Each structure stands twice: as structure tokens, then as C-alpha cells.
Amino acid sequence: MNNEIANAKAAALDVLRHNAYGPFQGLPRTAGWGYPEPYTRDLMIAALGILGTGDAKLMSALRKTLETVASNQSSRGHIPSLVHDADDRGASDTTPLFLMAVAMFRETTGEPAFLQSAVGKAVRWMEYQSPADEGIVGQLPTSDWRDEQWVLGYGLYVNAVVYTYMRLLGLHDKAETLRRAMGHFTIEGGVQHKHVHEGLAIRHKPYYALWSYKVLGSERFDLLGNSLAILSGIAVPTRAAALVKWIESECEVMRASGELAIDLPPNLFPYLHPGDPDWHPRDAMFNLPGEYHNGGIWPFVCGFYVAALVAAGRPKLAARRLEDLTALVHQPRKEPVEWGFNEWHRAQDGTPKGQDWQTWSAAMYLYAARCVEENRTPFFDMIRRQDA
């Protein structure tokens, strides 16, 4: 094994152990210094990496996190945005991520009834999030992990997580209904006929739309959502292969134009620019082209992409991209640490711009490394076999 990858894995474990206990009810920290709060979505995503470590301290912290957030679930089943705060609500992705993480925890620990009551309520909550009762769920802008980006209506990322938990929990009929709904084409021409149902597939392109709702939508590329589509089997093997080829080709073009400095894809492209129809005034403060949610490079998202490359049958490319990710997470922004595991990096030069020792950056690095080393994608392999 590459020595740098081995060193990065050891450092990632150090980050997770450091962050396993924080100032809010002893729950894990979201980052080593900048985010002491236990943000639900970050910690649910981090479960993918933690569950493969076999580390008793981390497993205990994850169990406590899942049990605590379940105890703060709303009466209707919604999971809050902060693990310890029942009143911090409104996120579109916390509930499906909770269901995904619990299903993976059950599989790892052999506890099939773990948090069964909370799971049942959360599944019911998600059923009510489908405006057309077709399984595909809707959301409000800035309600998922991208708190500075508009995703309106049927978002790819959230629905990919929903599909994942449905398969993991054995809700196969519901999952297939959702998959068919996502496979409908987005509406073109500004006219929606009564018998036509909008979806997330785009004509003549291998990837799925960022979001779609009636005659509105966005065809900008969402790396996390499409990586999950590959991992979960929403994208069939031929489509997954074409999608990977398209991503790598588009990134080459972006590097040639100076829009991208490293060999990892941005979280969103093409970038939003002032004057674009989907540009918002607030973007000028937080979301400049190539930054944050407008094309920033997020290590945790790149971890999903590396795993998706393994799922798509590209192990050599996955190994190269893991080496690229290893170089990226080495960079700290301001803390005196050897390995930064930063939150996000500017696409045009790779500069770290967020918080160092981010929990999900470290955890998803470990998951990506495990996928490459074992040439499989734990938890997701089972879903794709079910789809085959």
C-alpha cells in the first residue's frame, strides 16, 4: 500500500478520535476546532467511514449519536439538523441520512431491530415528502447539505439517499417506484402535459439533473448526487460507465481553461456566474465561481466519487483519484497539524478554504480507501446486486 495513503488513514483515525467527544452532551464534533456542534448530516455521512474502522470508541460515539438524534425526532418523524436540538428543524436530508446510517449500523452490528420505532416514524415522514405520491421527494431551497445553493423540488442528491435507505431497509417496491420516477426525463420546452411526469434524467446526457420540478430545473452537474446514483445502482452499469467518462472528460476541459487546478472534480459544474438565471445576489458573498457550493472541491464528496469509480468498474482510476485525494487532505488551512482534512478547497488553485479536521472529510477518506483496497463498495454492493 502507498505509504502516503497509510499515513493518511492513520491521520484520519486520529481526527475521528479527536472529534468523537465534543462540548454538546459529549456528542461528536463536526470539525476539530471550527464546528464543535454535532451536525446531524455530517455525522450520518461519517458513519460510512466509521463503521469500517472497528474502533470501539468511534462505534460507541456513533451509537450514542444515533440514539440521541432519534430521541430528538419530531412527533411526525422528522430528524433535526443538530443531533442534540429537537427544535433545529427544516433540513431535507437529515431524515433520509438517518435512515441510511441506521440501516448500515444494523448491518455492521447485527442488530436488525435497532431504533425500530424511530425508523418507522422516519419512514412515514419521508412518505409525506412526495408531492405527487410517486416516491420521489421534494425539498425547499438551501435545505440540504448545500445551505448556500438553491435546489428546488425534486433534488437528485436527496432522492439518491432515499433510494439507498429504501434498498437497505428492504423497502424494494417503494425503491423501484422511486427509481422509475427518477428515470423520467426532465420537462423540456417549458410545457408540462397533464400525462407527463417530470423526472431527473436528461436527454442525450449520461448524468442526472441537479433538480427538477414541473417546467423548472437545473442541468448543472451535481457530483455527490451522481456519485450516489452510481453507487446505489440507480444508474445502470452502461450509464455509470458513460457518466464516469463524461466527468473525467469535462474535468480535462476545465483544467485546460484554468477553471480547475487539480485532478479531482468540483462538487458542481459548470459554475454559476453573475448574470446567470440561477445566480442569486447572496452568491457574491459566499458562493463565487469555484468556491463553496458553487464548484468548490469537497474531500467528503470526492470520497463518494472514488467509491463510485470502484462501483463503475474503474479500479485503476479509483486508485489514482485516491492518491489525488490523499494529496488534497494533506493540506491544512490554519491549524498546526500535518494533515488538514479540510472542509473544502477552491477549484482554481486547490487552496483549502474551510475548517480543518472536518469529521466527514476524514471519515469519507477512510471509506474511499477501503473501497479501493478491497475493490468493493461496502453496503452499496448489496443494493446493486438487488438491482441486477
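The values are calculated or read from the model by the stated rules, or taken from the named source; none is laboratory data. The structure presented is a predicted model; accordingly, all values stated were derived computationally and were not measured. All Cβ positions, glycine included, derive from the backbone under ideal geometry; neighbour counts span all protein chains shown.
Go through the residues of region 339-353 one by one and say whether even a single one is under 14 Å from the mean Cα position of the chain (by Cα) and of a type outside the set (Val, Ile, Thr). Within region 339-353 (the criterion being under 14 Å from the mean Cα position of the chain (by Cα) and of a type outside the set (Val, Ile, Thr)), the answer is yes, since at least one residue qualifies. Residues that are in a helix (DSSP H, G or I) and in contact with a helix residue (DSSP H, G or I) (Cβ under 7 Å, 6 or more places away or on another chain) within region 8-24 comprise Ala8, Lys9, Ala12, Val15, Leu16, Arg17, Asn19, listed in sequence order. Scanning region 34-79 for residues that are of a type in the set (S, T, N, Q), crowded, with 17+ Cβ neighbours inside 10 Å and not in a helix (DSSP H, G or I) gives Thr53, Asn72, Gln73. Listed by first and then second residue, the pairs linking a residue in region 29-58 that is free of Cβ contacts under 8 Å to residues at least 40 places away in the same chain to a residue that is surrounded by fewer than 19 Cβ atoms within 10 Å (Cβ to Cβ) and outside any helix (DSSP H, G or I), with Cβ atoms under 6 Å apart and 6 or more places separating them unless they lie on different chains, are Pro36/Pro23. Flag: Gly354 matches the condition of being in contact (Cβ under 8 Å) with a residue 12 or more places away in the chain, surrounded by 18 or more Cβ atoms within 10 Å (Cβ to Cβ) and farther than 27 Å from Thr164 by Cα. Among the residues of region 84-105, just one is touching a residue at least 24 places away in the same chain (Cβ under 8 Å), more than 15 Å from Leu115 (Cα to Cα) and of a type in the set (A, V, I, L, M, F, W, C), namely Ala91.
Return the residue satisfying two criteria in turn: it lies in region 235-259 and is touching a Phe, Trp or Tyr at 6+ places or on another chain (Cβ under 9 Å) and part of a loop (DSSP other than H, G, I, E, B), and of such residues it is farthest from Met182 (Cα to Cα). Among residues in region 235-259 that are touching a Phe, Trp or Tyr at 6+ places or on another chain (Cβ under 9 Å) and part of a loop (DSSP other than H, G, I, E, B), the one farthest from Met182 (Cα to Cα) is Glu259.
Annotation: of all residues in region 122-163 being assigned to a loop (DSSP other than H, G, I, E, B) and aromatic (Phe, Trp, Tyr), the one that is nearest to the chain's Cα centre (by Cα) is Trp145. In region 271-292, the count of residues that are crowded, with 22+ Cβ neighbours inside 10 Å and within 16 Å of the chain's Cα centre (by Cα) is one or more.
Conditions (1) part of a helix (DSSP H, G or I); (2) among the charged types (D, E, K, R); (3) within 20 Å of Leu243 (Cβ to Cβ); (4) touching a residue at least 40 places away in the same chain (Cβ under 8 Å), marked per residue:
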site: Arg320; (1), (2), (3), (4): yes, yes, yes, yes
site: Glu323; (1), (2), (3), (4): yes, yes, no, yes
site: Thr326; (1), (2), (3), (4): yes, no, no, yes
site: Pro332; (1), (2), (3), (4): no, no, no, no
site: Ala368; (1), (2), (3), (4): yes, no, yes, yes
site: Ile383; (1), (2), (3), (4): yes, no, yes, yes
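Counting only residues that are at pLDDT below 95 and among the basic types (Lys, Arg), region 139-166 holds 0 of them.
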